[in-house]
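Have a look at the structure below, then the notes.
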Amino acid sequence: MSKESTQENKLIASGRVTATAAYSARIQEAMRYDKLRSPDYPIVMSIMRAVSQGLTEEKWKIEQQNTVRTLLNQPPDRERAHADAADRYEQTIAWLEDLVLWPW
C-alpha cells in the first residue's frame, strides 16, 4: 500500500470519527431536552453506526429494511410533529431532520 493511500485512509477514518462524535453530541442534546423517545433510540443508533461506517442512505436503508418497511406500512402518529406525513417513515425522517439527526 502506498504512503498516499495510507494517509488518505487515515483522513477518511478521521472524518468518520469526527462525524460520529458530532452525531453523538446531537443525540445527547436531544436526550437532554427529552426530544428523543425510547422507541426512537434504536433507529438513531443504527444511523450513528451508519455514519461511523461511512454508509450512504441507500445502504443504511438496505441494512434496516425491516425497520423501514414497518414504518412505511404504518400511518403517521397523529400525536407527534409532522402528523400530515404520508406514513410513519416519512414522519420519522422529518422529525429527525428537525432534530438535526438525519445525516443524509
Restricted to region 18-37 and to residues being among the aliphatic types (A, V, I, L, M) and touching a residue at least 60 places away in the same chain (Cβ under 8 Å), the residue surrounded by the fewest Cβ atoms within 10 Å (Cβ to Cβ) is Ala19
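To keep it simple, each residue is scored yes or no on (1) over 23 Å from Ala25 (Cα atoms); (2) surrounded by fewer than 15 Cβ atoms within 10 Å (Cβ to Cβ).
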position	(1), (2)
Thr56	no, yes
Thr67	yes, no
Ala86	yes, yes
Thr92	no, no
Asp98	no, yes
Trp102	no, no
Of all residues in region 60-80, how many are polar (S, T, N, Q) and over 16 Å from Val44 (Cα atoms)?
2
Output for region 42-54, where each listed residue is surrounded by 12 or more Cβ atoms within 10 Å (Cβ to Cβ), over 13 Å from Trp102 (Cα atoms) and of a type outside the set (Gly, Ala, Ser):
Gln53
Under 8 Å between Cβ atoms, at least 6 apart or on separate chains: pull out the pairs that start in region 67-96 with a residue that is acidic (Asp, Glu) and end on any residue that is outside any helix (DSSP H, G or I) and exposed (fewer than 15 other Cβ atoms within 10 Å of the Cβ).
Asp77/Ala83; Asp87/Asn73; Asp87/Gln74; Asp87/Pro75
Within region 53-104, restricting to residues that are assigned to a helix (DSSP H, G or I) and polar (S, T, N, Q), the one that is nearest to the chain's Cα centre (by Cα) is Thr92
Out of contact with any helix residue (DSSP H, G or I) (no Cβ under 8 Å at 6 or more places or on another chain) and modelled with pLDDT under 95 - does that describe any residue in region 81-103?
no
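The values are calculated or read from the model by the stated rules, or taken from the named source; none is laboratory data. The model shown is predicted, which means the values in this text are computed figures rather than measured ones. Every residue, glycine as well, gets a Cβ built from its backbone with ideal geometry; the counts of neighbours run over all protein chains shown.
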